[in-house]
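Step one of this worksheet: look at the structure below.
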There are 2 protein chains.
Amino acid sequence: MVTLAEVAQHAGVSASTVSYVLSGKRSISTTTRQRVERSIRELGYHPNAGARALASSKSNIIALMVPLRTDMYVPVMMEIAIAVATTARTHGYDVLLLTGEEGPDAVRRVTGSGLADAMILMDVELDDERLPLLRGTHQPSVLIGLPADITGLTCVDLDFKATGALCVEHLAMLGHRDIAVIGEAPAVYERHTGFAVRTLEGLRSRARELGVRLLHRPCEGGYDAMALTLARILDERPGTSGFVVQNESAIEPLLALLRQQGRAVPEDVSVVAVCPEQVATQASVRLTSVAIPAQEMGRHAVERLVAKLDGRGADEVVLISPELTVRASTGPAPSSTT
Amino acid sequence: MVTLAEVAQHAGVSASTVSYVLSGKRSISTTTRQRVERSIRELGYHPNAGARALASSKSNIIALMVPLRTDMYVPVMMEIAIAVATTARTHGYDVLLLTGEEGPDAVRRVTGSGLADAMILMDVELDDERLPLLRGTHQPSVLIGLPADITGLTCVDLDFKATGALCVEHLAMLGHRDIAVIGEAPAVYERHTGFAVRTLEGLRSRARELGVRLLHRPCEGGYDAMALTLARILDERPGTSGFVVQNESAIEPLLALLRQQGRAVPEDVSVVAVCPEQVATQASVRLTSVAIPAQEMGRHAVERLVAKLDGRGADEVVLISPELTVRASTGPAPSSTT
DNA sequence: ATAGGCTGTCGAAGCGCTTCGACAGCGTCT
DNA sequence: AGACGCTGTCGAAGCGCTTCGACAGCCTAT
């Protein structure tokens, strides 16, 4: 293994000079720099990460904590994770993958050991038990998601409240007076996952304002669960003509069931989805949807974090504005043409 | 930040003693151990990762290289990644997430810098350009996937050749003589991704042996692409009564299209999928399928790797035997009852 | 009683890097 | 011409840990 000292000897300079060539923290003459760079190349030198971390107290690693559970939005998570890793690299950071399994202990371990310089948390609950730890440390962190109390925290998220509002607005504008919301699995609400709860808030408050009726039903994914949920909804509110779906694995089942029952989309019922772009365009009906900008969220998170690590930028909440794209799954409510 | 030396002082012992308490590499009297452990707890000590890595030349980090592209099997990738992270933790390792983006350079960087002790590669191509590097280093590695030349390599994968064979067998046994294979996107085959190619090999050779006709068509996911692909298949082989699908995002479209054309599953046509269990059970028809054991693959990979790191275990190929679960999407071929 | 072997502990020498202060050499200002 | 400030380079002191050899104290075997 090639060391700094060997490079220095090969180039005929001192070790510190090589170090300064690498870091650029002091000016080095062009000739010396080139000689050193040549030696580095010829010897195939790679700085030792451990030694670097020890000497500089910086690991150049960002920890990313992903949820262990895979009951929702797996592709979104993956896309965020990949965006985080890619963006981090462009800033000279590597990414350490932590699962939620260890919970708060992982936060303690990572900050305590200096394994990572900063961390990004996904799947944040409204009252997440990791938050006090984050507030208590000087290590920068960014949440992807929005907890209830954001003091002292930096968060990046889609504005899910606005998302909910937007969906209701769109349907209301088309004349739908009875709207059903197919939500995530009950467990997601039970653990107070921010995005689900906030979407619901947005849906409800806008519905109230616009005077439309809203029925929310959590739903496990899959056909059987969706069939049951749909039956109950139509039983309770037979006049339902608009659906908002926030659950990837319920979308296709819903469309199939509606078709099967002879309810045409969008002639008889309209469907708005909150899902990744790809899902909306690849579904059996091209879906009117609000996209979940996974890449953008991952990128933003890293950029906030790097800013904090560089001493720029303070705590702040970045809420990405939702955009509703009209496709083929929504149209005027049938009653409104009567 | 608490250091080893402070713990030692607090406990009234030398630093090396504390170190040995932590590592267990030398025997320590019970009383001393307890005193040290108490100090560790009271001071909230966490060993510094960088210093450890430097002194021991071990980082206790495993690098996991995931594909950048998201054109296939995203949930499977995610599940593997999570299984890798979880299993690694139980062995005292953390996981560094690398995207395929940097390609071979990432391998060089990680092995050169001692950032990680070992690495796991996913999405291996038959003639992957990272392989020579892996063979040339002394750093242990495990591939998830099977390249063409496995000398000097450890691989973990589902036995996709057997998987293909199994699917054909099942359909042939039911009397289907004309089988169509809906494959991954063309790009997947073009870059010679091992699992896709091997499945195809298994399908073809078993089909030849059993004397059934096989038509393979790559397919991008989604309804439009599937509609086109299906039309072509039925045009070319109108008698097709069995389908093998190896493309998550083509499954639901296929089922919907068949339904739409009045072809009942499984009465008129049978469908076998190669997909994660969850997809098979949540589809609109409960699918006869060969499961992709993502968790198991991730776990196996880590366990092989840890064995190598411990000096146990040599190069070897672990091929997980496929299991076909019969559900509601396959039945006797219509002609065979005539 | 003595040699030999354990057991438990300590001190010290690094691991490879960063960074601080020092300073030689040179150009510039008065 | 002397003082001053740059620029570019060096040496040395750590960063916090692991690990090796040494050794004190004790037990066992002779």
Given A:LYS58/A:LYS308; A:LYS58/B:LYS308; B:LYS25/B:LYS58; B:LYS58/B:LYS308; B:LYS161/B:LYS308, the pairs whose alpha carbons are separated by over 23 Å: A:LYS58/B:LYS308; B:LYS161/B:LYS308
Dipole magnitude of region B:4-47 about its Cα centre (Cβ charges: Lys, Arg +1; Asp, Glu -1), debye to nearest 20: 180
Per-selection metrics, region B:4-47 (Cα): Rg and Dmax in Å: 9.0, 23
J(HN,Hα) series, region A:175-191, from Karplus relation 6.51 cos²θ - 1.76 cosθ + 1.60, nearest Hz, glycine and proline x: x, 6, 10, 10, 10, 10, 10, 8, x, 5, 4, x, 4, 5, 6, 4, 8
Distance between region B:131-196 and region A:134-163 - C-alpha centres, whole angstrom: 42
As computed over chain A, the Cα convex hull volume per residue (Å³): 157
Number of partner chain Cβ atoms within 10 Å, mean per residue of B:91-100: 5
Distances in nm from B:GLY239 to the matching label points in the other copies, shortest first (labels 7 Å along Cα to Cβ): 5.8
Amide H contacts of B:SER59 (H built 1.01 Å from N, under 5 Å, at least 5 apart or other chain): B:ASP117
Other-chain or far-sequence residues with amide H under 5 Å of A:VAL181's (modelled H): A:LEU215, A:HIS216, A:ARG217, A:VAL244
In sequence order, calculated HN-Hα J values of region A:221-235 (Karplus, 6.51, -1.76, 1.60; Hz; x Gly/Pro): x, x, 5, 5, 4, 5, 4, 5, 4, 5, 4, 5, 4, 5, 5
Debye log10 I(q)/I(0) at q = 0.12, 0.13, 0.17, 0.21 Å⁻¹ for region A:134-278, Cα point scatterers: -0.51, -0.59, -0.92, -1.32
In Hz, Karplus ³J(HN,Hα) per residue of region B:299-305 (6.51, -1.76, 1.60; θ = phi - 60°; x = Gly, Pro): 5, 3, 4, 5, 5, 4, 5
Stokes-Einstein D for region A:193-338, Kirkwood Rh over Cα pairs, 4 °C, 1.567 mPa s (µm²/s): 76
Degrees, to the nearest 10: A:194-210 long Cα axis against longest axis of chain A: 40
Spatial extent of region B:78-119: Rg and Dmax, with the Cα atoms as the point set, Å: 11.2, 29
Label zone at B:SER23, where the point sits 7 Å out along the Cα-to-Cβ direction: region B:107-130 residues whose backbone N lies under 15 Å: none
Average beta-carbon neighbours from other chains, 10 Å sphere, peptide A:43-49: 5
Protection-proxy order for peptides A:257-266, B:175-184, each taking the mean of Cβ atoms within 10 Å per residue, highest first: B:175-184, A:257-266
Reciprocal of mean inverse Cα separation for the protein assembly as shown (Kirkwood radius, Å): 27.6
At 7 Å out from Cα toward Cβ: B:GLY311 inter-copy label distances (nm, ascending): 4.8
Dipole moment magnitude, nearest 20 debye, the protein assembly as shown about Cα centre, only Lys, Arg, Asp, Glu C-beta charged: 1440
Label-to-label distance, nm, for residues given as B:THR3 and B:LEU43 (7 Å Cα→Cβ offset): 1.0
Amide hydrogen neighbours beyond the local backbone of B:VAL156, cut-off 5 Å, H modeled: B:LEU143, B:ILE144, B:GLY145, B:VAL318
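The numbers here are math on the coordinates, done by the rules we state, and not lab data. In this text, all values refer to a predicted model and were calculated from it rather than measured experimentally. Note that we place each Cβ from the backbone using ideal geometry, even for glycine, and neighbour counts take in every protein chain shown.
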